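Here the structure is laid out as structure tokens; the discussion comes afterwards.
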Amino acid sequence: MRIEKDTVVSLQYYKLSNLDGEVMEESTTPVSYLHGGYGGMFPSVEEALQGKEAGYQLSLAMEPEETFGEYDSELIHIEPRSAFPDTVEVGMQFEGGEENSDDVMIYTVTDVTDDIVVVDGNHPLAGMALQFECTVMEVRAATHDELSHGHVHGPHGHHEH
């Protein structure tokens, strides 16, 4: 079966590397996604996999705008130390958002002093050109439930709601 809109694509593995070849992220188990613009995979990867079959190996160079976006210095905030728990430390992540907005962002603590905490709302890989590699393990038609929910159920996908 070929990869088309509304198919479930199972990747044996995937790997994201920077341009120096350093692995930034890698799967340790198979990963499945619903193909066709459901937000489970980078659009440029979906485009490159369109029409391919099980066994296909992809190696694709992607610019920041195709992955996690450009680095945005406006997403760095300096907050009072008192706004955080006593146990706050570099690397911790918190949910936050702008007032009067339903958008929730993940902020990573990048610095802690006696008076302030610096948080960064950028994805850790923002601003980086990346190499995406994967091997297609299986392609199947999506079920009605998967299409109505917009994601894969069962092995390598969501198991419950």
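Search the range 55-96 for residues being part of a strand (DSSP E or B) and among the acidic types (Asp, Glu), and hand back the single one that is nearest to Glu133 (Cα to Cα).
Step one: of the range 55-96, the residues part of a strand (DSSP E or B) are 57-62, 76-80, 93-96.
So of that shortlist, the ones also among the acidic types (Asp, Glu) come out as 79, 95.
Working: Glu79: 38, Glu95: 30 Å.
Here the answer is Glu95.
Which one of Pro80, Pro64 is modelled with pLDDT of 95 or more, exposed (fewer than 10 other Cβ atoms within 10 Å of the Cβ) and on the phi < 0 side of the Ramachandran plot?
It is Pro80.
If you go through the range 42-56, how many residues are closer than 22 Å to Leu125 by Cβ and either of a type in the set (Val, Ile, Thr) or in contact (Cβ under 8 Å) with a residue 12 or more places away in the chain (or both)?
Step one: of the range 42-56, the residues closer than 22 Å to Leu125 by Cβ are 42-49.
Imposing the further condition that a residue be either of a type in the set (Val, Ile, Thr) or in contact (Cβ under 8 Å) with a residue 12 or more places away in the chain (or both) reduces the set to 42-45, 48-49.
Total meeting the criteria: 6.
If I filter the range 103-161 down to residues being surrounded by fewer than 17 Cβ atoms within 10 Å (Cβ to Cβ) and on the phi > 0 side of the Ramachandran plot, which single residue comes out as modelled with the highest pLDDT?
Once the filter is applied, the top-ranked residue is Gly127.
The values are calculated or read from the model by the stated rules, or taken from the named source; none is laboratory data. None of these values were measured; they are calculated from a predicted model. Cβ coordinates were reconstructed from backbone atoms using ideal geometry, including for glycine residues, and neighbour counts include every protein chain displayed.
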